[in-house]
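Data first, discussion second: the structure below is written as structure tokens.
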């Protein structure tokens, strides 16, 4: 097909998709046939990419379009503004060509979930938007496992087993509709940055459940140092922000793992020992070592709370 025929074909396609009627005259200064074909091809390609329901939602979520413009797009693509939905923000540990593959895989694996969108953000991240309808309500009644977390686990499983890549997922709560997406997206980004500091090994999080992590993250270094000095006494130097070597060990490695598991299991020694595959006496020994080095007996609720806040304050200081 010569350039003249190709140009006419592209003009017809542009008219079909957009309703625009363009023409080229033979006056001086106008592009030649080859340039016209290239220009029309670029224009059509850009319109096809931006002229989709998914792109409209993505641009609204990331703040690329304002509310007035999105209302026009929502009407154009028949987007129901009142459908509840859940946002999953996914970051990949390895990014070389994996994001596009992850989007394709997730669309295939989760194809039975009507209305679900898998959207590429950039080389390291993607969004999953899942409408909440009868399916989610039925799952909540069927068992007491959080269906949002189950979906997050499915997302991680697909990425890990099919692409051999680790990822992290931050889930929103159930949002009342698409107009809540920009705020939910901003919260997910913030929560992900906070969780990377305080829980680097955690792969799934809830953006509206970062509680004390947010509190410690937003405090100034001076306040954090004052709290550590007050709680740990001579084991902490408020001047240079360092902790004595023996006390520092109580907030690292196996001691931190055992203490956090103990706190997460309501200070239950038997259950913690079972989960960690420890002998009961081994766990008690580690608790005693923490008490000896920090003065905090985490078998007591008040001291357990102080230990948790100290460990978070130490993480926050290291990030600042």
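The values are calculated or read from the model by the stated rules, or taken from the named source; none is laboratory data. None of the values given here were measured: they were computed from a predicted structure. Because the Cβ atoms are built from the backbone with ideal geometry, glycine has one as well, and the counts that use them run over all protein chains shown.
Every residue, every condition in (1) more than 22 Å from residue 191 (Cβ to Cβ); (2) modelled with pLDDT of 85 or more, yes or no:
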{"site": "79", "(1), (2)": "yes, yes"}
{"site": "88", "(1), (2)": "no, yes"}
{"site": "116", "(1), (2)": "no, yes"}
{"site": "134", "(1), (2)": "yes, no"}
{"site": "161", "(1), (2)": "yes, yes"}
{"site": "175", "(1), (2)": "no, yes"}
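Can you go through 48, 16 and tell me which one is at pLDDT below 65 and either touching a strand residue (DSSP E or B) at 6+ places or on another chain (Cβ under 7 Å) or assigned to a helix (DSSP H, G or I) (or both)?
Of the residues listed, the single one that is at pLDDT below 65 and either touching a strand residue (DSSP E or B) at 6+ places or on another chain (Cβ under 7 Å) or assigned to a helix (DSSP H, G or I) (or both) is 48.
Give all pairs with beta carbons closer than 7 Å in which a residue from segment 145-169 that is under 20 Å from residue 199 (Cα atoms) and outside the structural domain of residue 187 (by TED's automatic domain parsing) meets a residue that is surrounded by 14 or more Cβ atoms within 10 Å (Cβ to Cβ) and at pLDDT below 95; count only pairs at least 6 apart in sequence or on separate chains.
From residues that are under 20 Å from residue 199 (Cα atoms) and outside the structural domain of residue 187 (by TED's automatic domain parsing), there are no pairs.
Which of the helices (runs of 4 or more DSSP H) found entirely inside segment 204-273 contain at least 1 residues meeting this: modelled with pLDDT under 95 and touching a strand residue (DSSP E or B) at 6+ places or on another chain (Cβ under 7 Å)? Even if it seems obvious, please write down each step before you answer.
Details: elements: 211-218, 221-232, 245-249, 253-264.
Fully inside segment 204-273 and qualifying: 221-232.
Taking segment 274-287, which residues are part of a helix (DSSP H, G or I), within 14 Å of residue 255 (Cα to Cα) and under 37 Å from the mean Cα position of the chain (by Cα)?
Those that are part of a helix (DSSP H, G or I), within 14 Å of residue 255 (Cα to Cα) and under 37 Å from the mean Cα position of the chain (by Cα): 276, 282, 283, 284, 286, 287.
Being surrounded by fewer than 12 Cβ atoms within 10 Å (Cβ to Cβ), at pLDDT 85 or above and part of a helix (DSSP H, G or I) narrows it down to one of 75, 56, 102, so name that one. Let's see the steps before the verdict.
Numbers: 56 fails: surrounded by fewer than 12 Cβ atoms within 10 Å (Cβ to Cβ); 102 fails: surrounded by fewer than 12 Cβ atoms within 10 Å (Cβ to Cβ).
One residue alone meets the criteria, 75.
Residues checked against (1) free of Cβ contacts under 8 Å to residues at least 60 places away in the same chain; (2) closer than 18 Å to residue 113 by Cα; (3) more than 23 Å from the chain's Cα centre (by Cα):
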residue: 59; (1), (2), (3): yes, no, no
residue: 68; (1), (2), (3): yes, no, yes
residue: 73; (1), (2), (3): yes, no, yes
residue: 77; (1), (2), (3): yes, no, yes
residue: 84; (1), (2), (3): no, yes, no
residue: 88; (1), (2), (3): no, yes, no
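Provide a single number: the residues in segment 292-307 that are part of a helix (DSSP H, G or I) and crowded, with 17+ Cβ neighbours inside 10 Å. Outline the logic, then answer.
Going residue by residue through segment 292-307, those that are part of a helix (DSSP H, G or I) are 292-294, 301-307.
If we keep only those that are crowded, with 17+ Cβ neighbours inside 10 Å too, we end up with 293-294, 303-304, 306-307.
Selection size over segment 292-307: 6.
State which residue pairs qualify: first residue at positive phi and inside segment 229-245, second residue assigned to a loop (DSSP other than H, G, I, E, B) and at pLDDT 85 or above in any location, beta carbons under 9 Å apart, and separation of 6 or more residues or different chains.
233/295
Among the numbered criteria (1) buried (at least 17 other Cβ atoms within 10 Å of the Cβ); (2) modelled with pLDDT of 95 or more, which one does residue 288 miss?
Only one criterion is unmet by residue 288, namely (1).
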